[in-house]
Amino acid sequence: NAKAYGRPASRGTGPAFPQVLLITLTAVLTRCVRALVLVPCRTGERWPALSLLEVLGHGDLLLLDCGFYAAWFLEELGRRGISYVIRLPASVKNARRMAPNLPWFEIQTRYRPEGKRRRRHGRSRTLRIEGRIIGYRMGREKVRLITHLRDVTAKEIVEVYHLRWEAELSNDEVKTHLAAPAKGTCPTLLRSKSPALVEQEIYALFALYNLDYD
């Protein structure tokens, strides 16, 4: 299991057990998990998430937290014709308004497929992402959303984006209620001693969870 999934980075002696990273695609109106992917715990979320996009169809809207933001990821969503609303990280400061008094912006950035540490492999290119940026406040917190949806009001986009919290509630139901050793606790422990059985245990867990909402 350690070889298949790895252990999270940690100071000192490190964690005692291997961990798996689980990425899910959840229907926020029903909390059903439509697809999932298992990867080693130190893998990034964006590249594995691409495999989840295959189950999306016409009329689906993808709601994403700022952890999934990357210009190349939004470009890929646009190439596949997938509608999305994603929260912009506070670090994104290069959005340029495309026309006065309009909410449409362009974000331009450099992208190198192999990453910064492998500069001699592959050429970097400039990515330009066009989208509608909607800013609002939640108490003292400033939130910015970017989407390419046109025929929807800003208020409607904000309201639908907050439905994303239903996916977080779905995660909580699995981790702290269905799978936890003691109800209401957070750690989700898998008992299987091989990667194949770990995968079987996780799929069985989510099959049971979806049956509860069927």
Report the equivalent ellipsoid semi-axes for segment 1-92 in whole Å, largest first, defined as the square roots of five times the eigenvalues of the gyration tensor built from alpha carbon atoms.
-> 28, 16, 12
Could you do me a favour and compute the accessible area per residue for segment 20-65, 1.4 Å probe, result in Å²?
-> 52 Å²
By per-residue mean of other Cβ atoms within 10 Å, what is the highest-first order of 199-212, 25-38?
-> 25-38, 199-212
For the chain, what relative contact order do you get, as a whole percent, if you take Cα pairs closer than 8 Å and at least 6 residues apart?
-> 16 percent
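How large, in percent, is the carbon and sulfur part of the accessible surface of the chain at a probe radius of 1.4 Å?
Exposed carbon and sulfur together represent 52 percent of the surface.
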Other residues with Cβ under 14 Å from the Cβ of Glu199 give, with Lys and Arg +1 and Asp and Glu -1, a net charge of +1
The local net charge around Pro89, scoring Lys/Arg +1 and Asp/Glu -1 for residues other than Pro89 whose Cβ lies under 11 Å from its Cβ, equals +2
Loop-located trypsin sites (Lys or Arg not before Pro) in segment 51-101 whose Cβ has at most 14 other Cβ within 10 Å (DSSP) | Arg80, Lys93
Tell me, what is the Rg over Rh of the chain, with Rh the Kirkwood radius over Cα pairs?
-> 0.99
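The values are calculated or read from the model by the stated rules, or taken from the named source; none is laboratory data. Remember, it's a predicted structure, so these values are computed and weren't measured experimentally. Using ideal geometry, Cβ is built from the backbone for each residue, glycine included, and neighbour counts are taken over all protein chains shown. Please note that ligands, DNA and RNA were not included when accessible areas were found on the heavy atoms of the full protein model with its side chains. Shrake-Rupley method; radii C 1.70, N 1.55, O 1.52, S 1.80 Å.
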